[in-house]
There are 2 protein chains.
Amino acid sequence: MRLIVQKYGGTSVATPERICNVARRIIETQREGCRVVAVISAMAGVTDELIKLARAVSPHPTDRELDILLATGEHAATALTTMAVNALGGTAISLTGAQAGILTDRNHSKARIANISPKQIHEMLSEDYIVIVAGFQGQTPEGETTTLGRGGSDLTAIALAGALNADVCQIFTDVDGVFTCDPRAVLAAKKLDEIAYDELLEMASAGSKVVQSRAVEFAKKFGVEFEVRSTFNRRAGTIAKEETTSMEDVVIRGISLDRHQAKLTIAGVRDEPGIAGRIFSNIAAAHIIVDMIVQNASIGGTTDISFTIHEDELENARKILMPVVGEIGAKRLNTASGMAKLSVVGIGMRSHSGVAAHLFECLGKAGINIQLVSTSEIKIAVIIDEKDLERAAQLTHQEFGLANPAAAASAMQPLA
Amino acid sequence: MRLIVQKYGGTSVATPERICNVARRIIETQREGCRVVAVISAMAGVTDELIKLARAVSPHPTDRELDILLATGEHAATALTTMAVNALGGTAISLTGAQAGILTDRNHSKARIANISPKQIHEMLSEDYIVIVAGFQGQTPEGETTTLGRGGSDLTAIALAGALNADVCQIFTDVDGVFTCDPRAVLAAKKLDEIAYDELLEMASAGSKVVQSRAVEFAKKFGVEFEVRSTFNRRAGTIAKEETTSMEDVVIRGISLDRHQAKLTIAGVRDEPGIAGRIFSNIAAAHIIVDMIVQNASIGGTTDISFTIHEDELENARKILMPVVGEIGAKRLNTASGMAKLSVVGIGMRSHSGVAAHLFECLGKAGINIQLVSTSEIKIAVIIDEKDLERAAQLTHQEFGLANPAAAASAMQPLA
């Protein structure tokens, strides 16, 4: 009999009605002749509510207690989903992460899975139970509850699918799958049928957070194929998988948009070892997440270092950097908010030339100024004014033929 | 060093502010030179909210899943209290019921404690931790979460105090202690300094639910003295303990009031074996809780059976009993709502005569009609019209000298 692992996210179980909807889907899947393991997230909003409570009693709650607190969200949703399955005629049993055999390291709040021994899951499946597992959590060898980081239920599902050697892994969420671009910005955006793990990782880090990045890394490492699809309809989703030769024919898989960015430039930085370290260690100490970092070639012994952060952190970062700029003898600090990042992603870039040129031309013709550029093997990201973002997205989407993927390949020249 | 077990109820941890207040008290207790184990209930309202969610997904949720769901309320409050203690300069660690070593039978939703092995508590205490334990829950030998019934955190605290051989056990709640009568009904009601376990049990079953009855039974069985006191002030509370000879000098310890009662009388019931069983098995099957049952002496082969239930169940009970009355050949069913129960409780009754007569006279003089009477060794309960309840309570409280307990004994004659 086929074994299927399904993961239902917080929006999928946000209300009792939705929990019953999920329960019906789980039962249907079993009736189609599958053994089912369902991984459940906390009801939407619950985790944030718990974090708010924690902050109200403690400015810096210990990670151990925070893990115990947050794990209750998944415990509750899992018990409720199990009740719903049983009420609707199924036979289900709930397991905590610990009972499901998810053993982690002792790194509270962002624990890594060390090992999975799904003995109890196998037992329950062999007794024809539908097994409902609390996502996002595991247990240390000492029996302490740990959590796997925000979005960790994706990791629970993919890791369980790997450990159970499941035939199918489905990540149910509130969108139909992974799109060529944000459909709110680009009406012509299309759902992708498939995407390579690396592309999904780049899309995720560039703002299209459909699946937790660590979960995708795990899937890549252990070759776990999974499908991202919607809880709210029956349409097929997007399959994330190892890249295949045919996938390289598509140069650009999609475009990610990341709003509310701020750009900081420290001008006239002496080109000496240790200077960049001094700048960014101060930023890191304040827990400000730095995205792009760009350093230009040195001219006359000095260079300019630019980087981007979330707009909300700009004031904080300015306060931290003003004295540092003096200390390192740099000329000045320029900052600008109201920025956005547009990233084009595709493993086809590895074997096709001219993608960057094509992108720059396209934006240039539209009079959109590019302020920073950063590239990886399969991504080109540009920082532009946020007010230009939607127009840039629509043009790029059109130019790279994403609304009609078959046409996209022919627009580009393969590398020799 | 003295070991103290404290229990904080749901109202004591209802908000982040109150959790911080509890944390401060816990830290103070430690600084006074005690080792502290604190048992925490779910934040007020959380358990009801979770039950509502369960009912929304399932008409009859399985007890196993309900236990997992409800235990999350205590997990969360315990983690939050631990964070608060740590934030306020203490050093605390939280333990689940399972980690605290509370082993129960497999009777989900009303499990009985089978054994307590507080190894981890001892370890943590010896490392100078304040140990914060999730109330209301335990674990079966198979590692399944169980709960101890509504109000079960009292039982957790008293059982832990017994197992740890604690010097003091304090039950913190939202009232100052156990009163001679409900202060909302009788202004002159006084807080008792001490009360015998049996008296507290009778008061609890008669409507004054300050401490869970099972917890009091446990305390009685294992001789665990405990104090009921308020989280919101520093006043000493009421000590529950074994009865002492001096306690018998007080004939009536207190008066319990129970409102919203309904009285049902089945008249002309044949005085034959099995008839009462047929009546009450039907009522029990509908989960209607019957309080008092009174059966008069048989006259001419028939008798009348009266009993009381909560007013809200009256319609339901009528529907169930109407056909039964016919089947058993009884004459008729009379029902009345708007009733109340007044109970006078005191172990002194065992050695003093005339309490019933005194009570009846007192009510009679005031023109208050007694509709049913039921007695135990240390309690006399009467059913009266609810509209007369407060007047009856005030008169009885006065007549038995409860506002001035020293005078009460002399009002009654000791038995020879």
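The values are calculated or read from the model by the stated rules, or taken from the named source; none is laboratory data. A quick note: this is a predicted structure, and the numbers were derived from the prediction, not measured. Backbone-built Cβ (ideal geometry, glycine too); neighbour counts: all protein chains shown.
A few remarks follow.
- The lone exception for residue B:48 - which of (1) in contact (Cβ under 8 Å) with a residue 12 or more places away in the chain; (2) more than 22 Å from residue B:158 (Cα to Cα); (3) more than 9 Å from chain A (Cβ to nearest Cβ) it fails: (1)
- Within region B:294-327, the set of residues being free of Cβ contacts under 8 Å to residues at least 40 places away in the same chain and part of a strand (DSSP E or B) comprises B:295, B:299, B:302, B:303, B:304.
- Wholly within region A:86-201, strands (runs of 3 or more DSSP E) carrying at least 2 residues that are of a type in the set (A, V, I, L, M): A:92-95, A:102-104, A:113-116, A:130-134, A:168-173, A:194-196
- Test: residue in region A:328-336 that is under 22 Å from residue A:202 (Cβ atoms) and either touching a helix residue (DSSP H, G or I) at 6+ places or on another chain (Cβ under 8 Å) or part of a strand (DSSP E or B) (or both): no
- Strands (runs of 3 or more DSSP E) (entirely within region A:202-270) containing at least 2 residues that are under 13 Å from the mean Cα position of the chain (by Cα): A:254-270
- Identity of the residue in region B:63-84, of a type in the set (Gly, Ala, Ser) and more than 7 Å from chain A (Cβ to nearest Cβ), that ends up surrounded by the most Cβ atoms within 10 Å (Cβ to Cβ): B:77
- Some residue of region A:285-297 being β-branched (Val, Ile, Thr) and more than 26 Å from the chain's Cα centre (by Cα): no
- Candidate set from region B:296-331 (those that are surrounded by 14 or more Cβ atoms within 10 Å (Cβ to Cβ) and polar (S, T, N, Q)); member that is farthest from residue B:268 (Cα to Cα): B:316
- Positions within region A:51-62 being more than 7 Å from every other protein chain (Cβ to nearest Cβ) and surrounded by 24 or more Cβ atoms within 10 Å (Cβ to Cβ), in sequence order: none
- When residues of region B:127-140 are limited to those that are of a type in the set (Val, Ile, Thr) and crowded, with 24+ Cβ neighbours inside 10 Å, the one nearest to the chain's Cα centre (by Cα): B:133
- Among (1) within 14 Å of another protein chain (Cβ to nearest Cβ); (2) modelled with pLDDT under 95 - the single one residue A:1 does not satisfy: (1)
- Among the criteria (1) more than 20 Å from the chain's Cα centre (by Cα); (2) over 29 Å from residue B:63 (Cβ atoms); (3) small (Gly, Ala, Ser), the one residue B:143 does not fulfil is (2).
- Residues in region A:85-105 that are of a type in the set (Gly, Ala, Ser), at the interface with chain B (Cβ under 8 Å from one of its Cβ atoms) and more than 17 Å from residue B:96 (Cβ to Cβ): A:87 alone.
- For region A:106-122, the criterion of a residue being buried (at least 23 other Cβ atoms within 10 Å of the Cβ) and within 8 Å of chain B (Cβ to nearest Cβ) is satisfied by no position.
- Positions within region A:1-45 being in contact (Cβ under 8 Å) with a residue 60 or more places away in the chain and of a type in the set (D, E, K, R), in sequence order: A:2, A:7, A:18, A:24, A:25, A:35
- Per the conditions (1) free of Cβ contacts under 8 Å to residues at least 40 places away in the same chain; (2) part of a strand (DSSP E or B); (3) closer than 21 Å to residue A:337 by Cα; (4) not small (Gly, Ala, Ser), the sole criterion not satisfied by residue A:280 is (2).
- The residue that is surrounded by the fewest Cβ atoms within 10 Å (Cβ to Cβ), counting only those in region A:145-204 that are of a type in the set (Asp, Glu) and within 25 Å of residue A:125 (Cα to Cα), is A:167.
- Per the listing A:166, A:161, A:219, A:134, the residue uniquely over 30 Å from residue A:373 (Cβ atoms), out of contact with any Leu (no Cβ under 8 Å at 6 or more places or on another chain) and at pLDDT 95 or above is A:161.
- Lone unmet requirement of (1) under 26 Å from the mean Cα position of the chain (by Cα); (2) farther than 22 Å from residue B:63 by Cβ; (3) more than 8 Å from chain B (Cβ to nearest Cβ) for residue A:35: (1)
- Selection from region A:2-45 of residues that are part of a strand (DSSP E or B) and either closer than 16 Å to residue A:90 by Cβ or touching a helix residue (DSSP H, G or I) at 6+ places or on another chain (Cβ under 7 Å) (or both): A:4, A:5, A:6, A:7, A:8, A:34, A:35, A:36, A:37, A:38, A:39, A:40
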